[in-house]
1. Is it the case that the stretch 63-76 has a residue that's out of contact with any strand residue (DSSP E or B) (no Cβ under 6 Å at 6 or more places or on another chain) and in a strand (DSSP E or B)?
2. Within the stretch 17-52, how many residues turn out to be closer than 18 Å to residue 67 by Cα and in a loop (DSSP other than H, G, I, E, B)?
3. Can you tell me how many residues in the stretch 22-45 are surrounded by 12 or more Cβ atoms within 10 Å (Cβ to Cβ) and either without any contact (Cβ under 8 Å) to a residue 12 or more places away in the chain or farther than 20 Å from residue 85 by Cβ (or both)?
4. Collect the residues in the stretch 3-16 that are surrounded by 12 or more Cβ atoms within 10 Å (Cβ to Cβ), part of a helix (DSSP H, G or I) and not acidic (Asp, Glu), keeping them in residue-number order.
5. Could you list, in sequence order, all residues of the stretch 31-62 that are acidic (Asp, Glu) and either under 24 Å from residue 16 (Cβ atoms) or in contact with a strand residue (DSSP E or B) (Cβ under 9 Å, 6 or more places away or on another chain) (or both)?
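FYI, it's all coordinate maths here, none of it is from the lab. This one's a predicted model, so the numbers in the text were calculated from it and none came from an experiment. Cβ placement follows ideal geometry from the backbone for every residue including glycine, while neighbour counts extend to all protein chains displayed.
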Amino acid sequence: MNDAAQPLDRATAAEYATWFKALADPTRIQIVSLLARRGTPMNVGEIVAAVDVVQSTVSAHLKVLAEVRFLLPEHRGTATYYRINDACVDCFPTAADIVMGRPVPPQPAPTASSPGAHP
């Protein structure tokens with residue numbers, strides 16, 4: 001039987017669903033976009049100022065994004081800085097291709113500085 005004609009296995013589908021769910025909010029998309037474009041870690045206050053949303057809401061969104069490892073927290077003294085998990089971002093287009101039944105694009109080789117290759 002052709003695997004391409006079969007649905008994803010349940011465990012893979014559940015994992016991908018958590019990734020897509022984490023991005024199913026406009027503020028979370030803004031945060032991911034901001035951090036990806038900025039290219040350097042930002043603290044909560046900087047993110048709040050950039051997305052014009054109250055601190056408690058930004059913190060809740062950061063927690064969701066960190067739980068699926070789209071973002072990686074870095075503790076510096078009493079502040080927490082967030083940065084994009086490049087390995088996770090590299091995997092996301094592949095997940096979308098797999099869900100849609102498209103050929104999987106070649107993956108870049110993981111680097112030693114890429115913690116956690118999945119969101």
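1. Of all residues in the stretch 63-76, those out of contact with any strand residue (DSSP E or B) (no Cβ under 6 Å at 6 or more places or on another chain) come to 63-64, 67-70, 75-76.
From what's left, in a strand (DSSP E or B): 75-76.
Yes: one or more hits.
2. So the count comes out to 4.
3. Step one: list which residues in the stretch 22-45 are surrounded by 12 or more Cβ atoms within 10 Å (Cβ to Cβ), which gives 22-23, 25, 27-36, 38, 41-44.
Those still in the list that are either without any contact (Cβ under 8 Å) to a residue 12 or more places away in the chain or farther than 20 Å from residue 85 by Cβ (or both) too: 29, 33, 38.
Summing the residues that are surrounded by 12 or more Cβ atoms within 10 Å (Cβ to Cβ) and either without any contact (Cβ under 8 Å) to a residue 12 or more places away in the chain or farther than 20 Å from residue 85 by Cβ (or both) in the stretch 22-45 gives 3.
4. Once the filter is applied, which keeps residues that are surrounded by 12 or more Cβ atoms within 10 Å (Cβ to Cβ), part of a helix (DSSP H, G or I) and not acidic (Asp, Glu), the stretch 3-16 yields 12, 13, 16.
5. Initial filter on the stretch 31-62 (acidic (Asp, Glu)): 46, 52.
The answer is 46, and nothing else.
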